[in-house]
1. For segment 278-290, which residues satisfy the criterion of being in contact with a Ser or Thr (Cβ under 7 Å, 6 or more places away or on another chain) and either near the ligand (Cβ under 6 Å from one of its atoms) or assigned by TED's automatic domain parsing to the domain that holds residue 41 (or both)?
2. Quick one: would you say residue 164 is more than 11 Å from the ligand (Cβ to nearest atom), of a type outside the set (Phe, Trp, Tyr) and either open to solvent by 20 Å² or more (accessible area, probe 1.4 Å) or assigned by TED's automatic domain parsing to the domain that holds residue 272 (or both)?
3. Filter segment 10-33 down to residues that are open to solvent by 30 Å² or more (accessible area, probe 1.4 Å), under 18 Å from the mean Cα position of the chain (by Cα) and farther than 18 Å from residue 48 by Cα, then give me how many there are.
4. How about segment 62-145: which strands (runs of 3 or more DSSP E) wholly inside it have at least 3 residues that are more than 10 Å from the ligand (Cβ to nearest atom), farther than 24 Å from residue 254 by Cβ and assigned by TED's automatic domain parsing to the domain that holds residue 196?
5. Which of the residues spanning segment 224-260 are over 21 Å from residue 211 (Cβ atoms) and free of Cβ contacts under 8 Å to residues at least 60 places away in the same chain?
6. Restricted to segment 149-179, and to residues that are part of a loop (DSSP other than H, G, I, E, B) and in contact with a Phe, Trp or Tyr (Cβ under 6 Å, 6 or more places away or on another chain), which residue is nearest to residue 94 (Cα to Cα)?
7. Please specify each residue of segment 42-58 satisfying the condition of being among the hydrophobic types (A, V, I, L, M, F, W, C), surrounded by 14 or more Cβ atoms within 10 Å (Cβ to Cβ) and over 21 Å from residue 6 (Cβ atoms).
8. Starting from segment 142-166, keep only residues that are over 24 Å from residue 199 (Cα atoms), then list their pairs with residues that are open to solvent by less than 20 Å² (accessible area, probe 1.4 Å) and in a strand (DSSP E or B) whose Cβ atoms are within a distance under 9 Å, requiring at least 6 positions of separation or different chains.
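The values are calculated or read from the model by the stated rules, or taken from the named source; none is laboratory data. All values derive from a computational prediction rather than experimental measurement. With ideal geometry, Cβ positions are generated from the backbone for all residues, glycine too; neighbour counts draw on all protein chains shown. Each accessible area value is taken on the protein alone, full model and side chains, heavy atoms only, with ligands, DNA and RNA left out. Shrake-Rupley method; radii C 1.70, N 1.55, O 1.52, S 1.80 Å.
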Amino acid sequence: TTLGGWLAATVPDPVTARYAGRLLAGGLLAASPDEVSLLQLLFYLRSGGGTRSLLGMAGGAQQDRIVGGPAALAERMAAALPPGTLRLAAPADAIIQDASGVRVRAGDEAHRADAAVVALAPALAGRIRYDPPLPALRDGLTQRMPMGSAFKVHALYPEPFWRADGRSGVATTDTGPLTETVDNSLPGLAGGVLTAFSYGAQARALRRLSVAQRRDALCDALAALFGPAAARPDDLVEYDWSADPWTRGCFCGILPPGSWCDYGPRLRPPVGRLHWAGTETATRWSGYLEGAVTAGERAAAEVLAAL
Ligand SMILES: Cc1cc2nc3c(=O)[nH]c(=O)nc-3n(C[C@H](O)[C@H](O)[C@H](O)COP(=O)(O)OP(=O)(O)OC[C@H]3O[C@@H](n4cnc5c(N)ncnc54)[C@H](O)[C@@H]3O)c2cc1C
């Protein structure tokens, strides 16, 4: 069943059901309650230690930010590798394997190896051509695990005016295009930043608007939460994660109702010399950076054991 269907059947108060649905489906999976499998949500909650752990600030998953942004993590890890190890800006478009090894093609170049780890969300992994073709259930998984749908917005103000009113900048709402906001102001800088997210059906509705219409809708939504001062940001920086060709959505791939039991078991098992990583394959902190790292470690151990 879907999260939305389950909430409608079990939560007597429709307002509570709507609010819980939007917060859980949106804040955790960047989707709408009626497109989220209840089983997918339960897996996600179990994987990340429950709602308090996943949605919580102090002591929870939302507590920290990475100085320099999350890209700094990849850059620091890359800096530790021997020069020439990484090949950037060369997306793999085909992977050919036979008894002697694998060949990964990226445009005009090709790389040989004993094994390959495909560390991509299933939806993106499915855009690579495999020779021989993937088994039916593994390919079916890539057809059935779309990315969540999120629109992220930073509203920049001369100062974090909401703090003067004793407000944290954190809001969750089931009304309007936004579902969540957070105070994302940078320490040591005068300006204030409210970062806001729109998910699922609301994000898709924002995409259909012109840039000017969207700006008006977002400013109105921020003003509804934080008062008239929020309607006049110095700048509004938006990012549509579904439009990013190397992500195609976020926070991760999500299996719809009816798919977990048949296709979920195909997330991790290798196919010949191909091994699968990426946060979707993690059992703990699936969908998070932590899950991506442990998935990489698991896939590396698999490759070493197979060689
Ligand atoms: C807006 C947003 C907020 C988030 N907030 C949090 C948070 O607060 N905490 C948290 O832990 N996680 C958060 N996440 C989720 C986190 O970013 C992911 O869980 C994590 O990045 C997944 O890592 P990954 O290695 O599995 O995949 P990715 O990080 O997506 O890495 C895959 C890489 O493969 C590249 N690629 C794509 N196609 C190809 C190809 N054909 N050939 C070669 N390379 C290719 C991509 O460019 C990308 O660099 C957030 C994500 C988003 C988008």
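1. To start, the set of residues in segment 278-290 that are in contact with a Ser or Thr (Cβ under 7 Å, 6 or more places away or on another chain) comprises 279-280, 282-288.
Within segment 278-290, 279, 287, 288 meet the criteria.
2. Working: more than 11 Å from the ligand (Cβ to nearest atom): yes; of a type outside the set (Phe, Trp, Tyr): yes; either open to solvent by 20 Å² or more (accessible area, probe 1.4 Å) or assigned by TED's automatic domain parsing to the domain that holds residue 272 (or both): yes.
For residue 164, the condition - more than 11 Å from the ligand (Cβ to nearest atom), of a type outside the set (Phe, Trp, Tyr) and either open to solvent by 20 Å² or more (accessible area, probe 1.4 Å) or assigned by TED's automatic domain parsing to the domain that holds residue 272 (or both) - is met.
3. Number satisfying all stated conditions: 1.
4. Values: elements: 94-98, 101-106, 109-113, 116-118, 129-131.
It comes to none.
5. The answer is 225, 228.
6. 179
7. Here is the first cut: in segment 42-58, the residues among the hydrophobic types (A, V, I, L, M, F, W, C) are 42-43, 45, 54-55, 57-58.
Then drop every residue that is not surrounded by 14 or more Cβ atoms within 10 Å (Cβ to Cβ), which leaves 43, 45, 54-55.
If the condition is that a residue be among the hydrophobic types (A, V, I, L, M, F, W, C), surrounded by 14 or more Cβ atoms within 10 Å (Cβ to Cβ) and over 21 Å from residue 6 (Cβ atoms), then no residue fits.
8. These pairs meet every condition: 158/192; 159/192; 160/192; 160/194; 161/192; 163/192.
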